[in-house]
Amino acid sequence: MLNKFRVLLQPVIELLGNSFASLGLSANFWTIFATMSSIASALLYASAVPSIGLMWFNATILGGTVLLISGFFDIVDGSVARVTKLTSKKGSFLDSSLDKLSEVAVFLGLAIGDLAEPLLCMIALSLSLIVSYIRARAESLGIELKGIGIGERAERLLILAIVGMIPIPGAMQWAVVIVSLIAGITIMQRMVATYKKL
């Protein structure tokens, strides 16, 4: 869904790529930085656990903010790779692998921090990973699924970050439920799209 928005923002994304490329840091550096930011977000979410003492709302605001920062640098890494013309299979593999690690960390942080029911976190994470698996499997068969489905990774993390910051107890739980629903719909959309192209 956000891919259409990215097309409109392409000139801005290219400008970002040029700006960050001028720092002399590789796309892989920004990929790792985005991942570390996601892990930091997960730790902030986990800090809502009563034994640590950070209030749930503070944890969701801080965690959500850092998660949005992570999403920003997830865009930067790709734009730097394109601007510097240093795209590679190794970079693509690193990016997609660390993306999954980031998702696991975030949902684990939500469960530990008791911001959402652990079972719901497990369901949302499982469905999210299946969304990614279907795309990877389809692409191994020569079928492109980029942009197919209402809930790609960027949309799912955006929902967690923004809905989770609503100052209402249980907002994060609703965010996790919404992520599960859109991931489930995306799975069906991608399966149908793949079957049609086989």
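The values are calculated or read from the model by the stated rules, or taken from the named source; none is laboratory data. Computed from a prediction, not measured in an experiment: that's the story for all the values here. Every residue, glycine as well, gets a Cβ built from its backbone with ideal geometry; the counts of neighbours run over all protein chains shown. Just so you know, the surface numbers come from the protein's heavy atoms only, side chains and all, with ligands and any DNA or RNA stripped out. Shrake-Rupley method; radii C 1.70, N 1.55, O 1.52, S 1.80 Å.
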field: Where a residue in segment 50-70 is under 10 Å from Gly113 (Cα atoms) and hydroxyl-bearing (Ser, Thr, Tyr) and its partner, wherever it lies, is at pLDDT below 95 and open to solvent by 80 Å² or more (accessible area, probe 1.4 Å), with Cβ under 8 Å and at least six apart
entry: none
task: Report yes if some residue within segment 138-147 is within 24 Å of Phe33 (Cα to Cα) and either of a type in the set (Ser, Thr, Tyr) or in a helix (DSSP H, G or I) (or both); otherwise report no.
output: no
message: Being under 19 Å from Thr35 (Cβ atoms), open to solvent by 40 Å² or more (accessible area, probe 1.4 Å) and outside any loop (DSSP other than H, G, I, E, B) narrows it down to one residue among Leu129, Leu160; which is it?
response: Leu129
field: Test: residue in segment 92-105 that is touching a Cys at 6+ places or on another chain (Cβ under 7 Å), at negative phi and touching a residue at least 60 places away in the same chain (Cβ under 8 Å)
entry: no
query: Taking the condition over 20 Å from Ala46 (Cα atoms), crowded, with 16+ Cβ neighbours inside 10 Å and modelled with pLDDT under 90, does Leu145 pass?
result: yes
task: Confirm whether Leu86 is in a helix (DSSP H, G or I) and on the phi < 0 side of the Ramachandran plot.
output: no
statement: Taking first residues from segment 187-198 that are closer than 14 Å to Arg135 by Cβ and without any contact (Cβ under 8 Å) to a residue 12 or more places away in the chain and second residues anywhere that are open to solvent by less than 70 Å² (accessible area, probe 1.4 Å) and not aliphatic (A, V, I, L, M), the pairs with Cβ under 9 Å that are 6 or more apart or on different chains are Met188/Gly149
- prompt: Of the residues in segment 36-82, how many are out of contact with any Ser or Thr (no Cβ under 9 Å at 6 or more places or on another chain), β-branched (Val, Ile, Thr), part of a helix (DSSP H, G or I) and open to solvent by 50 Å² or more (accessible area, probe 1.4 Å)?
  reply: 2
